[in-house]
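Read the structure below first, then the notes.
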Amino acid sequence: MKIVVLGPFHAGKSTFVKQFCGETAMSLDKMGRDGLATTVAMDFGVKEFEDIKLFVFGTPGMSHFSTIREILSNGADGIVFIIDAADPSKDKEVGEIWAEARKYVGNVPIVVLANKQDLPNSRSTTELRNTFEFLKKCKIIETSTKNKTHLDQAMHELLKRSLDKVLPLISKLNKYHGQMKSFDQLSNDLGVTKIELKKYLRFLEVRELIHVDYFLEMLWLSPTIKQIVDKLKQ
């Protein structure tokens, strides 16, 4: 599944990717005038998390990189939005990037990180909700990417929300798990053409949620997804 990390300049996005993904993380950055590295294209890492493979893309936070943020956000299954809770001077950028992101990610699930909680002047979840009207109903998790505090909790919450969006479709596919020549009946059940069905299947297949044999017209849910769907039936 594709996870995109958004937020202002130096909010902790690159650190999140590096700390969460570990040795698979890589970054394209350069040194800024302040002597600190800043991402100029993207950060990237891969991690098997709760038996699901995640492809994590970190985005540059400076305002003139909006086109890169939009390109990297295309096809995202979930968004990690990081706020520097210790630096109110970045609040204007927070609002701008949030509004920008909502235009191109639509209703993709978002989890907000109130980052840099290791600093004494860091604002709480309540303070951030009072500052930003658009955060009133958002899930906010207080984190320190530097210390790896609550990063797994944040990703668990985001993964749950992302899977909830596709589970209704996957539950229908479960009826045809391991059945040969099932695509005609499946497309009828879903009310789509076989061409449209294959687009849905490829969407799930590339995320490694299902496996498909297009010649035999068979599909299998991945073991983790199969277990989740079977539990829902109980």
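The values are calculated or read from the model by the stated rules, or taken from the named source; none is laboratory data. Here the structure is a predicted model, which is why all the values come from computation and not from measurement. When we count neighbours, we look across all protein chains shown, and the Cβ atoms used for this are built from the backbone with ideal geometry, even at glycine.
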Qualifying strands (runs of 3 or more DSSP E) (wholly inside the range 71-163; at least 1 residues being of a type in the set (D, E, K, R)): 78-84, 140-142
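Give me the residue from the range 209-230 that is in a helix (DSSP H, G or I) and within 24 Å of the chain's Cα centre (by Cα) and, out of that set, surrounded by the most Cβ atoms within 10 Å (Cβ to Cβ). Even if it seems obvious, please write down each step before you answer.
Residues of the range 209-230 in a helix (DSSP H, G or I): 223-230.
From the residues that got through so far, the ones that are within 24 Å of the chain's Cα centre (by Cα) too are 223-229.
Numbers: 223: 9, 224: 14, 225: 25, 226: 17, 227: 12, 228: 20, 229: 17.
Going through the qualifying residues, I end up with 225.
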Residue check for residue 22: in the same structural domain as residue 150 (by TED's automatic domain parsing), under 19 Å from residue 159 (Cβ atoms), modelled with pLDDT of 80 or more and buried (at least 17 other Cβ atoms within 10 Å of the Cβ): no
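Any residue that is within 20 Å of residue 20 (Cβ to Cβ) and under 18 Å from the mean Cα position of the chain (by Cα) - is there at least one of those in the range 200-208?
From the range 200-208, those within 20 Å of residue 20 (Cβ to Cβ) are 207-208; that's our starting set.
Cutting the leftovers down to under 18 Å from the mean Cα position of the chain (by Cα) gives us 207-208.
Yes, some residue in the range 200-208 is within 20 Å of residue 20 (Cβ to Cβ) and under 18 Å from the mean Cα position of the chain (by Cα).
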Odd one out for residue 185, checked against (1) in a helix (DSSP H, G or I); (2) within 18 Å of residue 13 (Cβ to Cβ); (3) not aromatic (Phe, Trp, Tyr): (2)
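If you check 171, 144, which single one turns out to be among the polar types (S, T, N, Q) and without any contact (Cβ under 8 Å) to a residue 60 or more places away in the chain?
144
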Near pairs, Cβ below 7 angstrom, 6+ apart or cross-chain, from the range 84-100 (closer than 17 Å to residue 67 by Cα) to any residue that is among the aliphatic types (A, V, I, L, M): 94/83; 97/6
First in the range 200-229 and on the phi > 0 side of the Ramachandran plot, second anywhere and among the basic types (Lys, Arg), Cβ under 8 Å, 6 or more apart: 208/53; 217/181
Residues of the range 193-208 that turn out to be at pLDDT 95 or above and not in a helix (DSSP H, G or I), as a count: 1
Set 73, 63, 124: member being buried (at least 17 other Cβ atoms within 10 Å of the Cβ), at negative phi, touching a residue at least 12 places away in the same chain (Cβ under 8 Å) and of a type in the set (Ser, Thr, Tyr): 73
